[in-house]
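Note sheet for the following structure.
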Amino acid sequence: MNPQYITVGMAGAMVPDLAKVDLLFDDRTVEQFLGIPWDWFALHTAGGVLLSVLIGTTIVGSTERRRVFGLLSLGAATHLLADATLQTASGRSYSVLWPLVRYQPPTPGWFLSTDPTPTLIGFLLAAAAYLATRNRRD
Amino acid sequence: MISSRRGRVTALGILTLLLIGLLVWYGALEPAPSAGAYPGNGELAENFEQYHGELVSASGTVETVEPLVIVDTVRGNELRLTVEDVDRDVEEGEQLRVFGIAREGRVIESRTAFTVPSSGLWYAYGVSFLAGLWVLGRLVGGWRLNPRDVRLERRSSPRHLWPWIRAWIERLRAGVE
């Protein structure tokens, strides 16, 4: 485990938010351009994430594959799971397991994406892990 | 195993096509309330009347408080909704997220609603953007794209982001003097 692989884990955590490309090229613009239905949010579901992770796994050399697949998957899974606990008005989260099922599970509504607290908690955990492993690094 | 350039390119092509397939499929999905997939802003903007009497989700920026009117731009169209039965304090400029029954006159009879300050939205997008830049920086520093073999490889001597930024600041400073 070294910084280059940690980066892979971080990249995995970003994968579901590839759906945010919607802010640059929104669904309707793409639909009009291609003449077919389109929704970037598929990238934030299990199916879209799995294919994205497989693309990342394929593009690295075959010696790296197992580690990269594991790290990308771990990162992406934490993001999908965390987002499934976001508070919503309907009390339901998103289609996490799509295209397996359309089901949007009830959400425990633990936090909002606009809330800085989870970022702070994540930062503190990372700092603690960094300090705890300092001796091992040298 | 996929160890050749041709193997990688083929696999990448197939995976990309499958991914595009999912994006198109998701775009064609209709609401499914029994699965918790309620109609949202997209559906309401297209045909509000279709959902009269049904449970829907909606969100928008608060334009006026009395009556409570929210506005959102969806797929190029403006969606303006009046929200009733919200029993909490709401301020202009905040984002309101509501779940309730769609009524005639572009009204949502709220069952559950809450607000998010616009500063919160700035934070969410801002931190996401910065995080993306950070990860990109680490990827560029630690990995290298081999265009000939179409392969992403680990750098044998990783380049670090912070010294690179510092070097750039020095160069700018030297240029200013």
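The values are calculated or read from the model by the stated rules, or taken from the named source; none is laboratory data. As the structure is a computational prediction, the values presented were derived from the model and not from experiment. Neighbour counts are summed over all protein chains in view; Cβ atoms, including those assigned to glycine, are modelled from backbone coordinates with ideal geometry. Accessible surface is based on the protein model in full, side chains and every heavy atom, while ligands, DNA and RNA are left aside. Shrake-Rupley method; radii C 1.70, N 1.55, O 1.52, S 1.80 Å.
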### Residue in segment B:12-38 that is farthest from A:P106 (Cα to Cα), counting only those that are free of Cβ contacts under 8 Å to residues at least 60 places away in the same chain and in contact with a strand residue (DSSP E or B) (Cβ under 7 Å, 6 or more places away or on another chain)
B:P31
### Message
Need a quick list: helices (runs of 4 or more DSSP H) entirely within segment A:17-128 having at least 1 residues that are within 15 Å of B:L23 (Cβ to Cβ), more than 10 Å from chain B (Cβ to nearest Cβ) and open to solvent by 70 Å² or more (accessible area, probe 1.4 Å).
### Response
A:27-34
### Message
Given the criteria touching a residue at least 24 places away in the same chain (Cβ under 8 Å), more than 12 Å from chain A (Cβ to nearest Cβ), out of contact with any Ser or Thr (no Cβ under 9 Å at 6 or more places or on another chain) and open to solvent by 50 Å² or more (accessible area, probe 1.4 Å), does B:V9 qualify?
### Response
no
### Summary
When restricted to B:G132, B:G137, the only residue outside any strand (DSSP E or B), open to solvent by less than 30 Å² (accessible area, probe 1.4 Å) and over 27 Å from A:V96 (Cβ atoms) is B:G137
### Message
Could you check segment A:82-120 and list, in sequence order, the residues that are free of Cβ contacts under 8 Å to residues at least 12 places away in the same chain and not polar (S, T, N, Q)?
### Response
A:A89, A:V101, A:R102, A:Y103, A:D115, A:P116, A:L120
### Query
Is one or more of the residues making up segment B:154-177 in contact with a strand residue (DSSP E or B) (Cβ under 8 Å, 6 or more places away or on another chain) and either over 22 Å from A:E64 (Cβ atoms) or among the acidic types (D, E) (or both)?
no
